[in-house]
Amino acid sequence: DTGVSQDPRHKITKRGQNVTFRCDPISEHNRLYWYRQTLGQGPEFLTYFQNEAQLEKSRLLSDRFSAERPKGSFSTLEIQRTEQGDSAMYLCASSLARGHGTDTQYFGPGTRLTVL
Amino acid sequence: AQTVTQSQPEMSVQEAETVTLSCTYDTSESDYYLFWYKQPPSRQMILVIRQEAYKQQNATENRFSVNFQKAAKSFSLKISDSQLGDAAMYFCAPGRGAQKLVFGQGTRLTINP
């Protein structure tokens, strides 16, 4: 039983470059979440999908950020024209909707982005 | 909007002792859930315990238990018989339905051998 996986684990890029991260949720989990965590802080919500539909986006998600989940399985998060302020850990989580109530989110190991 | 306050940035405890981490939150929701996650130095977030707000009984998972005071909007985590492997950042997070979790600032727990 594999957990949530994320790739790459680390990414170093120069300011202005585009980067793309991938998240593979636990199989059969229909909800997928992206969070951003800066050093010393708790994670902050970015966006979430139910199957392939993106149902909520945070105001933190500027126009330079885009997320997709084309077939309701893996998801990608792209950041265009990266800025130094984008340096953070990007966490992915998945859960299985069980109708009423909050399903438990299971987190991946994260992708650490450093923008030089 | 939900807000979460973890007033103890750092805590330390002797191995085998008991420690309590505090969390208060503010929400206008009537039906919600509360979670404690730990994030060890390897940084993968791991679920510790969850509590359904409609349940009066406090949740327990082995050495971990909560003290849930709904009226006071307080949700503390008690760790009994602390072990070296309990050292981590601990985050409190309320959530509802399919919505995002809102995390507190975290409490860094150190276990002294």
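For region B:85-106, how many residues meet the condition of being more than 8 Å from chain A (Cβ to nearest Cβ), of a type in the set (D, E, K, R) and in a loop (DSSP other than H, G, I, E, B)?
Count: 0.
Out of (1) within 22 Å of A:Q41 (Cβ to Cβ); (2) acidic (D, E); (3) modelled with pLDDT under 95, the odd one out for B:E10 is which?
Status for B:E10: all satisfied but (3).
List the strands (runs of 3 or more DSSP E) that sit entirely inside region B:1-79 and contain at least 2 residues that are within 11 Å of chain A (Cβ to nearest Cβ) and of a type in the set (A, V, I, L, M).
Working: elements: B:3-5, B:10-14, B:19-21, B:24-26, B:33-39, B:46-52, B:64-69, B:74-79.
Strands (runs of 3 or more DSSP E) meeting the threshold: B:46-52.
Taking region B:71-83, which residues are modelled with pLDDT under 95 and over 24 Å from A:P43 (Cα atoms)? Let's see the steps before the verdict.
Residues of region B:71-83 modelled with pLDDT under 95: B:71-75.
Of everything in region B:71-83, those that are modelled with pLDDT under 95 and over 24 Å from A:P43 (Cα atoms) turn out to be B:A71, B:A72.
Scan (1) exposed (fewer than 13 other Cβ atoms within 10 Å of the Cβ); (2) at pLDDT below 95; (3) over 22 Å from B:P40 (Cβ atoms); (4) more than 11 Å from chain B (Cβ to nearest Cβ) for the single condition A:D1 breaks and write down its number.
Condition (3) is where A:D1 drops out.
In this structure, does B:L47 turn out to be without any contact (Cβ under 8 Å) to a residue 60 or more places away in the chain and among the hydrophobic types (A, V, I, L, M, F, W, C)? Steps first, answer last, please.
Numbers: without any contact (Cβ under 8 Å) to a residue 60 or more places away in the chain: yes; among the hydrophobic types (A, V, I, L, M, F, W, C): yes.
In short, yes.
Can you list the strands (runs of 3 or more DSSP E) lying wholly within region A:28-111 that have 3 or more residues being of a type in the set (G, A, S)?
A:88-95
What's the number of the only condition in (1) under 11 Å from A:K11 (Cβ atoms); (2) within 14 Å of chain B (Cβ to nearest Cβ) that A:I79 fails to meet?
Every listed condition holds for A:I79 apart from (2).
Could you tell me whether any residue of region A:37-53 is away from chain B (no Cβ under 11 Å) and within 17 Å of A:R112 (Cβ to Cβ)?
Yes, some residue in region A:37-53 is away from chain B (no Cβ under 11 Å) and within 17 Å of A:R112 (Cβ to Cβ).
So, of the residues in region A:54-65 that are loosely packed, with under 15 Cβ neighbours inside 10 Å and in contact (Cβ under 8 Å) with a residue 12 or more places away in the chain, which turns out to be farthest from A:R15 (Cα to Cα)?
Out of the qualifying residues, it is A:L60.
Tell me which residues, restricted to region A:72-90, are of a type in the set (S, T, N, Q) and under 11 Å from A:F21 (Cβ atoms).
Of everything in region A:72-90, those that are of a type in the set (S, T, N, Q) and under 11 Å from A:F21 (Cβ atoms) turn out to be A:S75, A:T76.
Tally up the residues in region B:35-61 that are within 30 Å of A:R9 (Cβ to Cβ) and either under 11 Å from the mean Cα position of the chain (by Cα) or of a type outside the set (D, E, K, R) (or both), please. Step through it out loud before you land on a result.
Residues of region B:35-61 that are within 30 Å of A:R9 (Cβ to Cβ), as a first pass: B:35-50, B:61.
Okay, now just the ones that are also either under 11 Å from the mean Cα position of the chain (by Cα) or of a type outside the set (D, E, K, R) (or both), so B:35-42, B:44-50.
Qualifying residue count, region B:35-61: 15.
Is it the case, given these coordinates, that A:S73 is free of Cβ contacts under 8 Å to residues at least 12 places away in the same chain, out of contact with any Phe, Trp or Tyr (no Cβ under 6 Å at 6 or more places or on another chain) and more than 12 Å from chain B (Cβ to nearest Cβ)?
Taking the combined requirement at face value, the residue does not satisfy it.
Can you find a residue in region A:90-104 that is over 21 Å from B:E29 (Cβ atoms) and more than 14 Å from the chain's Cα centre (by Cα)?
Checked region A:90-104: at least one residue is over 21 Å from B:E29 (Cβ atoms) and more than 14 Å from the chain's Cα centre (by Cα).
Please enumerate the residues belonging to region B:28-52 that are of a type in the set (A, V, I, L, M, F, W, C) and touching a Lys or Arg at 6+ places or on another chain (Cβ under 6 Å). Outline the logic, then answer.
Restricting attention to region B:28-52, the residues satisfying the condition of being of a type in the set (A, V, I, L, M, F, W, C) are B:34-36, B:45-49.
Result: B:F35, B:I46, B:V48.
The values are calculated or read from the model by the stated rules, or taken from the named source; none is laboratory data. Keep in mind the model is a prediction, meaning the values are calculated, not measured. Neighbour counts are summed over all protein chains in view; Cβ atoms, including those assigned to glycine, are modelled from backbone coordinates with ideal geometry.
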